[in-house]
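The values are calculated or read from the model by the stated rules, or taken from the named source; none is laboratory data. Just so we're clear, the structure is a prediction, and the values are computed from it rather than from any experiment. Neighbour counts run over all protein chains shown; Cβ positions are idealised from the backbone, glycine included. Note: accessible area is taken over every heavy atom of the protein model, side chains too, but ligands, DNA and RNA are not part of it. Shrake-Rupley method; radii C 1.70, N 1.55, O 1.52, S 1.80 Å.
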Amino acid sequence: MEPVRNKTYKRVMTIAGSDPSGGAGVQADIKTISACGCFATSAIVAVVDENTVGVTGVFPIPADFVVGQIHSILDDIGTDAVKIGMLHSSELIHAVRNVLDEYPAVRDIVLDPVMVATSGDPLLQADAVATLRDVLIPRARVITPNIPEAELLLGRKISSQEELPLAARELASLGASVLLKAGHLTDDELTDIFCNAETGEILELRSRRVATPNTHGTGCTLSSAFASYLALGHSLDDSARLAKDYIASAIAAGASYAIGHGHGPVHHFHPFWS
């Protein structure tokens with residue numbers, strides 16, 4: 001007698017590149033989504049040759065094959081939320097936008113506008129920045145830029161904590177709520193800014209800065225956590241708070257580990273083992 005199958009998972013699909021070192025990209029996304037209590041699926045957009053020291057090469061997956069992966073997941077398993085990471089070209093950005101438009105019920109989309117790796121290596125073709133801004137951001141519900149990415153999107157520098165709320169509001173005018181990360185500033189306390197485009201409210205999300213080189217994949221991890229909490233049914237504001245708490249704890253828990261010779265990973269499964 002077959003068991004009764006009457007339970008369902010909350011599902012999160014990540015659309016991103018791979019990271020063989022396991023700290024960023026799809027590998028970090030799957031770890032985070034799982035740690036947050038959701039079922040992870042993925043569409044691989046590029047195979048990246050990288051480790052904790054830097055990026056050696058990027059092998060793009062053809063756009064039509066990426067679209068096929070997304071169709072395969074959404075037509076069979078479906079999803080409650082989507083996290084989008086590195087999309088390296090304008091062609092791929094258009095392709096992802098077009099296929100997501102075939103599924104209008106999929107609204108909880110968290111876009112991490114990945115443009116530069118933690119090591120400083122570029123991950124997005126220069127001509128694709130405008131495409132990302134004009135084509136994909138309006139389809140997302142949330143974007144999670146760091147300060148260099150926000151500067152590229154806005155076309156101006158951001159040099160202080162006091163500038164972040166205005167910058168977040170300007171970014172929100174592109175069509176999505178914004179979690180603007182403050183990690184590139186030098187203050188002892190990190191105060192990320194969440195601008196809820198649906199209510200117009202600003203939240204300050206504080207955490208202490210941890211002195212550690214283990215920051216590889218923090219953006220991937222934060223955005224995947226945000227998507228997971230949306231999938232679990234939390235509000236935008238609560239998802240922002242929970243995602244911030246998760247990444248802050250993951251950084252703190254991973255600070256004492258030595259993995260690789262460069263920027264090591266955070267501890268994705270810190271609630272479960274140490």
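The figures follow:
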read-out	value
Relative contact order for the chain, counting Cα pairs under 8 Å that sit 6 or more residues apart, in percent	19
Asp187/Tyr9 FRET efficiency (R0 41 Å; Cβ-Cβ; nearest 0.05)	0.55
Solvent-accessible ranking of Phe39, Phe59, Phe194, largest area first, probe 1.4 Å	Phe59, Phe39, Phe194
Region 185-252 - convex hull of the alpha-carbon atoms, volume per residue in Å³	85
Candidates Ala130, Ala43, Ala231: whichever shows maximal mean-square fluctuation once the chain is modelled as a Gaussian network with Cα springs under 10 Å	Ala130
Links that overshoot a 21 Å alpha carbon limit, given the list Lys157/Lys244; Lys83/Lys244; Lys10/Lys181; Lys7/Lys83	Lys157/Lys244; Lys10/Lys181; Lys7/Lys83
Backbone HN-Hα couplings from phi across region 60-76 [Karplus 6.51/-1.76/1.60, Hz, Gly and Pro as x]	x, 8, x, 4, 5, 6, 4, 4, x, 4, 5, 4, 4, 6, 6, 6, 10
Inter-label distance for Thr56 and Asp245, nm, one decimal - labels placed 7 Å from Cα along Cα-to-Cβ	4.1
Global geometry of region 34-88, whether rounded, prolate or oblate, following the gyration tensor of its Cα atoms and the 1.5 cut on a/c	oblate
13 Å reach of a label modelled at Asp237, 7 Å along Cα-to-Cβ, counting backbone N of region 193-209	194-205
Linear extension gain, Gln161 paired with Ala211, 0.36 nm per residue minus alpha-carbon span	16.1 nm
Other-chain or far-sequence residues with amide H under 5 Å of Glu50's (modelled H)	Ser21, Thr56
Computed over region 143-274: relative contact order in percent, which uses C-alpha pairs under 8 Å that are six or more apart	19
Inter-part distance where region 160-218 and region 43-109 are each reduced to a Cα centre, Å	25
Where N is the number of residues in the chain, Cα Rg divided by 2.2 N^0.38 Å	0.94
Rounded to 5, percent antiparallel among DSSP beta bridges of region 54-195	35
Surface accessible to a 1.4 Å probe, Asp112 within the full protein complex, Å²	10
Highest-MSF residue in the chain out of Thr32, Thr199, Thr191 [GNM, Cα springs under 10 Å]	Thr199
Hz values of 3J(HN,Hα) by residue in region 217-225 - Karplus curve (6.51, -1.76, 1.60), Gly and Pro given as x	x, 5, x, 4, 5, 4, 5, 5, 5
Fraction of accessible area attributable to carbon and sulfur, region 52-91 (%, probe 1.4 Å)	60
Nonlocal amide H pairs with Lys83, under 5 Å, H built at 1.01 Å	Met13, Thr14, Ile15, Val110
Probe 1.4 Å, protein heavy atoms only - accessible area per residue of the chain in square angstrom	45
Total formal charge among the other residues, if their Cβ is under 12 angstrom from that of Lys157, Lys/Arg +1 and Asp/Glu -1	-1
Amide H contacts of Phe39 (H built 1.01 Å from N, under 5 Å, at least 5 apart or other chain)	Lys10, Arg11, Val12
Surrounding net charge for Asp187, when Lys and Arg each add one and Asp and Glu each subtract one, Cβ distance under 13 Å	-2
Label-to-label distance, nm, for residues given as Tyr103 and Asp76 (7 Å Cα→Cβ offset)	1.3
Kirkwood Rh (inverse of mean 1/r, distinct Cα pairs), region 161-274, angstrom	14.7
Accessible surface of region 126-232 [probe 1.4 Å, protein heavy atoms]: carbon and sulfur percent	50
DSSP beta bridges in the chain [antiparallel fraction, %, rounded to 5]	45
Relative packing of 251-264, 173-186, which averages over residues the other C-beta atoms within 10 Å, highest first	173-186, 251-264
